[in-house]
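**Student:** Next up is a structure, given as structure tokens.
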Amino acid sequence: MYNGMLHAHSGFRWLVIIFLVIAIIKSFAGWFGKKEYGKSDNLIALILLSVTHLQLIFGVIMYFVSDKIVSMGVAMKDATLRFWVVEHGFTMLIAITLITLGRVLSKKAATSELKFKKGAIFYTIAFVLILWAGVIKPNLLGAGMF
């Protein structure tokens, strides 16, 4: 079960990143291009939100079936364990919250410009966090790209 969840979690990471990049590009293009917020913009944001929350479910399951999860006292003494037990999950929760806020606030904004602006800001910050805690740092720790 652990290996299957690991592959699902690793694979969905790329779906999150792909849809996040698309949402960021569309948000900035709409914001600076003075475009109208359309159905395709809403659909990309909805797919991003769905894939991100599915990734969260995979991550929570992984957290509870992983052999890396040890007592907090032990984890805090080892940088690699601390990353997987505390930092990765906490950073990703912040990123998921930002993506959710970006979607909700964009949907409720009064004008297209504000919809794109809110999406661009929240999605970009989330992207930086995900890139660090989901791609760069795990590679530095030897987790690899998949």
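The values are calculated or read from the model by the stated rules, or taken from the named source; none is laboratory data. All values reported here derive from a predicted model rather than from experimental measurement. In this analysis, Cβ positions are derived from the backbone assuming ideal geometry, glycine residues included, and neighbour counts consider all displayed protein chains.
**Student:** Considering only residues that are among the polar types (S, T, N, Q) and surrounded by fewer than 20 Cβ atoms within 10 Å (Cβ to Cβ), which ones fall in the range 91-140? Please lay out each step first, then the result.
**Tutor:** Looking only at the range 91-140, we keep the residues that are among the polar types (S, T, N, Q), and these are 91, 97, 100, 106, 111-112, 124, 139.
Within the range 91-140, THR91, THR97, THR100, THR111, SER112, THR124, ASN139 qualify.
**Student:** Considering every residue within the range 4-15, establish whether at least one is closer than 15 Å to ALA143 by Cα, in contact (Cβ under 8 Å) with a residue 24 or more places away in the chain and assigned to a loop (DSSP other than H, G, I, E, B).
**Tutor:** Looking through the range 4-15, none of the residues is closer than 15 Å to ALA143 by Cα, in contact (Cβ under 8 Å) with a residue 24 or more places away in the chain and assigned to a loop (DSSP other than H, G, I, E, B).
**Student:** Can we say LYS108 is on the phi < 0 side of the Ramachandran plot and either at pLDDT below 95 or β-branched (Val, Ile, Thr) (or both)? Before you say what the answer is, go through the steps one by one.
**Tutor:** Numbers: on the phi < 0 side of the Ramachandran plot: yes; either at pLDDT below 95 or β-branched (Val, Ile, Thr) (or both): no.
Judged against the criteria, LYS108 is not a match.
For (1) of a type in the set (Phe, Trp, Tyr); (2) touching a helix residue (DSSP H, G or I) at 6+ places or on another chain (Cβ under 8 Å); (3) within 17 Å of HIS9 (Cβ to Cβ), each residue gets a yes or a no:
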position	(1), (2), (3)
LEU56	no, yes, yes
VAL60	no, no, yes
SER66	no, yes, yes
PHE83	yes, yes, yes
HIS88	no, yes, yes
LEU105	no, yes, no
LYS117	no, yes, no
ILE130	no, yes, yes
LYS137	no, yes, yes
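**Student:** Among PHE28, PHE32, which is the only one that is more than 26 Å from MET92 (Cβ to Cβ), surrounded by fewer than 18 Cβ atoms within 10 Å (Cβ to Cβ) and not β-branched (Val, Ile, Thr)?
**Tutor:** Working: PHE28 fails: more than 26 Å from MET92 (Cβ to Cβ).
Result: PHE32 is the single residue among PHE28, PHE32 that is more than 26 Å from MET92 (Cβ to Cβ), surrounded by fewer than 18 Cβ atoms within 10 Å (Cβ to Cβ) and not β-branched (Val, Ile, Thr).
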